Amino acid sequence: MHILIIGGGISGLACAYRLRQLGASFLLLEQGNDAGGLMRSTRRDGLLLESGPQSFLLTDAIGQIVQELGIGDQLLRADAKAPRYVVIGGALRKVPLSPPAMISSSFLGASTKLRMLVDLLGKSTPPKNDESVAAFVRRKFGEDMLQRLVGPFVSGVYAGDPEKLSLRSAAPGVYGWEAEYGSVLRGAMKSHRKDGKPPAALCSFRDGVATLPRRMAESLGSAVSTATTVESIVRHKANGSSNFEIHLQSRGRADLARADAVILATPPDVTARILGEVSPRYRGLLGSIGFAPIAVVSRVYLRASVGVPLEGFGFLVPRGENLRVLGTIWNSSLFPGRAPEGQVLLTSFIGGATDPEILGYNDQAIESAVSTDLNKLLQISGEPLGGQLQRWTHALPQYNIGHGEILAATQTELAQTPGLFLAGNYFYGPSVGSCVDTAFRAAEEAHQFVAGMA
């Protein structure tokens, strides 16, 4: 076998898919009974319930996959103009989505608007050392911007703590704008003009986001082997070349596989364990990447029992609002077919880096916390008709200060381990699109490596 892929989430599937495009010989191993990772969609009682990602951005790579798989007719696009809301003072406030809109609205205070103008017209230089997202926002725009806008969005994307998240790692584009142009706003505008492309559409499928990994796995056929756990990897060197011996358990039976190259598309802590015998440095580096736990709580209500119109994407909650929910997506407002007529489906996220303790509560307590917040914010008068709760103890990697140094040291170690490649949501962003792009690059590098051995 030329290339072995370990991990059957969206990253591993994208690696396999790209290798199939390149005509490479490969096998993908997934420890679960099904591939797809956190992308899980379930139909029940007329509901379409998403256990992980609720949607994805239609990047170029994902668009290509959708077209090749012939599932473009199942694709659903959310309204690009659907408003987003943030909870301010216990009430929903519509978020202005452009700098001019921010300056003209009352969402931000006068001092924050003045600092935006100073950024636009002035020039600043980022500090030499890694800077937290919170420190950056305070330095450039002030506390108001952090609490009302950036903090909630950091919770929504990373479930993270802005006081710990690294700006360079979590928002490299923003860091680059100030470094190159001396202004975040000028950099954003000039980068937009350079690109010229419209923003990627927010999408799902008629039968949910799991349509994508499911159809990718189906297209790969017998090249995907499930119910297989990799225990360890041993690297053998001889005559100036090397290969890998993979020790695994397949359906309760010990087995052995060999490969010229290995791509690990597993979470960093799992990758660290598997690579312990290749180099102990991987344990120290990848094992130090933290994760935020999340509970995904879906609730369905009678539309008549909800006092708020639910016209838009949903809302995010600043931590200073003293609510437990990080944010809620209005699924039945975004895409059709999510709930029966006369009902609404809402999916809330709770926990994260700022409230990990709540994952230790029982299901009833978590659901009660979500219901309390939703009843207050959305003026809900009735009980939920149903739903589901999904716990993820390792939901999202935390790109905290020092994350860039961890990845740089990991790349240095990989250079000493020819034939070994990594992919996953801890490199260039946790979004589905970022995972696919990172996986495509890893697959291309592995293919090039094996081709060079011929």
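Every number in this text was worked out from the coordinates using simple rules, so none of it is lab data. Small disclaimer: the values here were computed from a predicted structure and weren't measured. Note that we place each Cβ from the backbone using ideal geometry, even for glycine, and neighbour counts take in every protein chain shown.
For region 48-108, state the semi-axes of the equivalent ellipsoid (square roots of 5 times the eigenvalues of the alpha-carbon gyration tensor), sorted largest first and rounded to whole angstrom. Kindly include the intermediate steps, with their values, before the conclusion.
Working: eigenvalues 217, 51, 15 Å².
For region 48-108, the ellipsoid semi-axes come out as 33, 16, 9 Å.
Note down the net charge around N129, summing +1 for each Lys or Arg and -1 for each Asp or Glu among other residues with Cβ under 12 Å from its Cβ. Don't skip to the answer; put the middle values down first.
Working: positive: K128, R168; negative: D130, E131, E405.
Once all neighbours under 12 Å are counted, the net charge is -1.
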Completion exercise
Going residue by residue through region 169-174, the Karplus relation 6.51 cos²θ - 1.76 cosθ + 1.60 with θ = phi - 60° gives ³J(HN,Hα) values, rounded to whole Hz and with x marking Gly or Pro, of 8, 7, 9, x, x, 5
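Give, rounded to the nearest 20 debye, the magnitude of the charge dipole that region 97-195 has about its Cα centre when Lys and Arg contribute +1 at Cβ and Asp and Glu contribute -1 at Cβ. Walk me through the numbers before you get to the answer.
Numbers: 14 positive and 10 negative charges, 65 e Å.
That gives region 97-195 a dipole magnitude of about 320 debye.
Quick one: net charge of K164's neighbours, Cβ under 12 Å, K/R +1, D/E -1? Display every interim value, and only then the final one.
On the way: positive: none; negative: D130, E131, D161, E163.
Net charge in that neighbourhood comes out at -4.
Quick one: compute a quarter of the convex hull surface over the Cα atoms of region 13-94 and quote it in nm². Let's see the in-between values first.
Details: hull surface 36.5 nm².
Seen from a random direction, the Cα hull of region 13-94 projects 9.1 nm² on average.
Taking only DSSP H segments of four or more residues, each worth -39500 (n - 2.57), what value at 222 nm results for the chain once the sum is divided by all its residues, to the nearest 500 deg cm²/dmol?
Details: 16 runs with 162 residues, N = 454.
That comes out to -10500 deg cm²/dmol.
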Exercise for the section: Tell me, rounded to the nearest percent, the portion of alpha carbon pairs in region 203-354 spaced more than 28 Å apart. Expected result: 49 percent
Exercise for the section: Compute the long axis of helix 363-378 from its Cα atoms, compare it with the longest principal axis of the Cα atoms of the chain, and write down the angle in degrees, 0 to 90, nearest 10. Expected result: 40 degrees
Problem - Nonlocal amide H pairs with V95, under 5 Å, H built at 1.01 Å - result: R84, Y85, V86
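Over the chain, what is the relative contact order in percent, taking alpha-carbon pairs closer than 8 angstrom and at least six residues apart?
Values: 903 pairs, mean separation 111.2, N = 454.
Computed value for the chain: 24 percent relative contact order.
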Fill in the blank from the handout: Sorted largest first, the Cα spans of region 359-446 on the principal axes come out in Å as 60, 25, 22
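Send over the per residue convex hull volume for region 124-274, Cα only, as a whole number of Å³. Walk me through the numbers on the way to the answer.
Numbers: hull volume 35.3 nm³, N = 151.
Considering the Cα atoms of region 124-274, their hull volume per residue is 234 Å³.
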Fill in the blank from the handout: Relative contact order in percent for region 97-195 (Cα pairs under 8 Å, 6+ apart) equals 31 percent
Exercise for the section: Per residue of region 298-309, in order, report the coupling 6.51 cos²θ - 1.76 cosθ + 1.60 (Karplus, θ = phi - 60°) as ³J(HN,Hα) in whole Hz, putting x for Gly and Pro. Expected result: 9, 10, 10, 10, 5, 4, 5, 8, 9, x, 9, x
Fill in the blank from the handout: Of the convex hull drawn through the C-alpha atoms of region 97-195, the volume per residue in Å³ is 99 Å³
Exercise for the section: Determine the distance separating the Cα centre of region 76-124 from the Cα centre of region 319-380; give it in Å without decimals. Expected result: 24 Å
Handout entry: Under Karplus coefficients 6.51, -1.76 and 1.60, residue-wise ³J(HN,Hα) of region 257-269 in Hz, glycine/proline x
Key = 10, 10, 8, 7, 9, 10, 10, 9, 10, 10, x, x, 5
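Given the C-alpha atoms of the chain, compute the convex hull and give its volume per residue in Å³. Walk me through the numbers on the way to the answer.
Numbers: hull volume 69.4 nm³, N = 454.
Convex hull of Cα atoms, per residue: 153 Å³.
Order 68-79, 369-380, 226-237 from most to least packed using the mean count of other Cβ atoms within 10 Å. Display every interim value, and only then the final one.
Values: 68-79: 14.2, 369-380: 18.8, 226-237: 15.8.
Descending mean neighbour count gives 369-380, 226-237, 68-79.
If you take every residue apart from V306 with its C-beta less than 13 Å away from the C-beta of V306, what net charge results, scoring Lys and Arg +1 and Asp and Glu -1? Can you show the working numbers first?
On the way: positive: R299, R303, K376; negative: E311, E383.
Charge balance in the 13 Å sphere: +1.
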Practice task
Quick one: work out Rg over Rh on the C-alpha atoms of region 242-327, Rh as Kirkwood radius.
Solution key: 1.25
Completion exercise
Taking a ≥ b ≥ c as the square roots of the eigenvalues of the Cα gyration tensor, with a/c under 1.5 meaning rounded and otherwise prolate when a/b exceeds b/c and oblate if not, region 312-353 is prolate
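Which of the peptides 153-165, 22-34 is most tightly packed, and how do the rest follow, going by the mean number of other Cβ atoms within 10 Å of each residue? Show your work: numbers first, answer last.
Values: 153-165: 22.3, 22-34: 17.3.
With the highest mean Cβ count within 10 Å placed first, the list reads 153-165, 22-34.
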Problem - Set of lysines with alpha-carbon distance to K128 below 18 Å, sequence-local pairs under 8 removed - result: K140, K164
Handout entry: Residues whose placed amide H lies under 5 Å from that of V224, excluding near-sequence neighbours
Key = L28
Handout entry: Nearby aspartates and glutamates by direct alpha-carbon distance to K81 (threshold 14 angstrom, same-chain neighbours under 8 apart not counted)
Key = E311
